[in-house]
Amino acid sequence: MNRFTRYRSIWEREELLRRLSQIRHVALDMDGTIYMGSDLFPWTRPFLAGLREAGIGYSFLTNNPSKSIADYLSKLAGLGIQATREEMYTTTLATIDYLRSRYPEARRLFLLGTPSMISEFEAAGYVSTADSADDVPDAVVVAFDMTLAYSRLCRAAWWVRQGLPYLATNPDRVCPTNQPTVLVDCGSICSAIEHATGRRPDITLGKPDPNMLSGILRRHGLRAEEIAMVGDRIYTDIEMAHNAGALGVLVLSGETTLDVADEAPRQPELIAEHIGILGELLREARRTD
């Protein structure tokens with residue numbers, strides 16, 4: 001592989017530009033990719049404007065299901081990005097899409113998650129069942145729950161042990177934070193349930209599972225080669241791109257360093273300093289197409 005300057009690719013330049021010329025949609029990780037914490041990267045707004053000018057769609061993705069779409073849109077607006085509901089795709093939405101396709105008759109769910117997450121399921125037409133053995137759900141959904149109550153954890157374990165369909169929204173063990181604490185995430189909550197019941201989730205949505213990208217492909221009528229997954233984590237963002245057959249773009253503006261990327265068993269198709277470099281390459285690909 002060539003020495004890294006602003007970007008490098010597994011392909012020669014001509015082939016890279018040919019592949020990029022096929023891209024009709026860009027799926028964007030958020031923290032570490034378009035902003036860091038509460039600071040928007042200076043290249044983000046020009047990048048998004050360039051996509052719109054080129055007629056390339058985009059979606060914002062997150063593995064964190066604890067906030068509603070409205071919460072995320074409010075955060076983006078506070079950073080100066082005016083986004084629509086259709087441009088957001090969270091693991092909550094991925095779970096809803098999965099339920100609709102695999103369990104179309106399910107309507108009653110025991111939801112181990114925040115009120116914001118539960119509101120998204122209710123808005124989609126689902127009923128959130130109570131913490132009662134008499135209120136029988138059709139399936140159990142476990143998520144990153146910062147409002148976790150012990151009785152509800154026990155109830156989720158009870159329904160899991162009864163053999164009901166069991167879905168997890170994301171695999172993360174902890175949620176990143178700059179505060180002096182450990183934010184126990186969905187993967188760790190599922191580990192507690194597994195230890196109590198001996199059962200793992202039937203499906204774990206969220207990156208690196210390909211269902212998040214599959215949902216975007218269905219939503220926009222795209223083929224896998226027409227979407228680029230862009231993120232700063234090689235074992236979630238880029239691994240999901242591989243799993244979905246999409247073009248994987250690793251940016252070095254967040255968590256992953258070049259040394260870590262070099263050790264990954266499956267390499268990104270493109271590594272760039274930040275999304276601004278990707279924007280330049282997309283423009284060049286369209287000029288040479």
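Tally up the residues in the range 95-121 that are among the charged types (D, E, K, R) and not in a helix (DSSP H, G or I), please.
Here the count works out to 3.
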Can you name every residue in the range 52-95 that is among the basic types (Lys, Arg) and under 14 Å from residue 113 (Cβ atoms)?
67
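Among the listed residues 191, 214, identify the single one that is part of a helix (DSSP H, G or I) and either under 27 Å from residue 268 (Cβ atoms) or not assigned by TED's automatic domain parsing to the domain that holds residue 121 (or both). Working first, answer last.
Values: 191 fails: either under 27 Å from residue 268 (Cβ atoms) or not assigned by TED's automatic domain parsing to the domain that holds residue 121 (or both).
Being part of a helix (DSSP H, G or I) and either under 27 Å from residue 268 (Cβ atoms) or not assigned by TED's automatic domain parsing to the domain that holds residue 121 (or both) holds for just one of 191, 214, which is 214.
Any idea which residue in the range 194-210 is surrounded by the most Cβ atoms within 10 Å (Cβ to Cβ), counting only those that are assigned to a helix (DSSP H, G or I) and not hydrophobic (A, V, I, L, M, F, W, C)?
197
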How many residues, within the range 221-268, are in contact (Cβ under 8 Å) with a residue 60 or more places away in the chain, in contact with an Asp or Glu (Cβ under 7 Å, 6 or more places away or on another chain) and closer than 24 Å to residue 17 by Cβ?
8
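Count, please, the residues in the range 28-49 that happen to be within 14 Å of residue 282 (Cβ to Cβ) and either crowded, with 18+ Cβ neighbours inside 10 Å or of a type in the set (Val, Ile, Thr) (or both). Quick ask: steps written out before the conclusion?
Quick first cut of the range 28-49, residues within 14 Å of residue 282 (Cβ to Cβ) only: 28, 43, 46-49.
The next check asks that each one be either crowded, with 18+ Cβ neighbours inside 10 Å or of a type in the set (Val, Ile, Thr) (or both); those that pass are 28, 43, 47-48.
Matching residues across the range 28-49 total 4.
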Using the structure shown, decide if residue 213 is under 19 Å from residue 85 (Cα atoms) and crowded, with 21+ Cβ neighbours inside 10 Å.
yes
In contact (Cβ under 8 Å) with a residue 60 or more places away in the chain and loosely packed, with under 15 Cβ neighbours inside 10 Å: does that describe residue 218?
yes
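Being at pLDDT 95 or above and not assigned by TED's automatic domain parsing to the domain that holds residue 267 narrows it down to one residue among 176, 171, 165, 180; which is it? Don't jump to the end; show me each part of the working.
Details: 176 fails: at pLDDT 95 or above; 171 fails: at pLDDT 95 or above; 180 fails: at pLDDT 95 or above.
Criteria check complete, one pass: 165.
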Taking the range 122-137 and the residues there that are among the hydroxyl-bearing types (Ser, Thr, Tyr) and part of a loop (DSSP other than H, G, I, E, B), the one that is nearest to the chain's Cα centre (by Cα) would be 126
Candidate set from the range 245-278 (those that are surrounded by 22 or more Cβ atoms within 10 Å (Cβ to Cβ) and either of a type in the set (Lys, Arg) or in contact with a Pro (Cβ under 7 Å, 6 or more places away or on another chain) (or both)); member that is farthest from residue 228 (Cα to Cα):
250
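The values are calculated or read from the model by the stated rules, or taken from the named source; none is laboratory data. Only a predicted model underlies this, so the values are computations on that prediction, with no experimental measurement involved. Please note: Cβ atoms are built from the backbone with ideal geometry, for glycine as well, and neighbour counts cover all protein chains shown.
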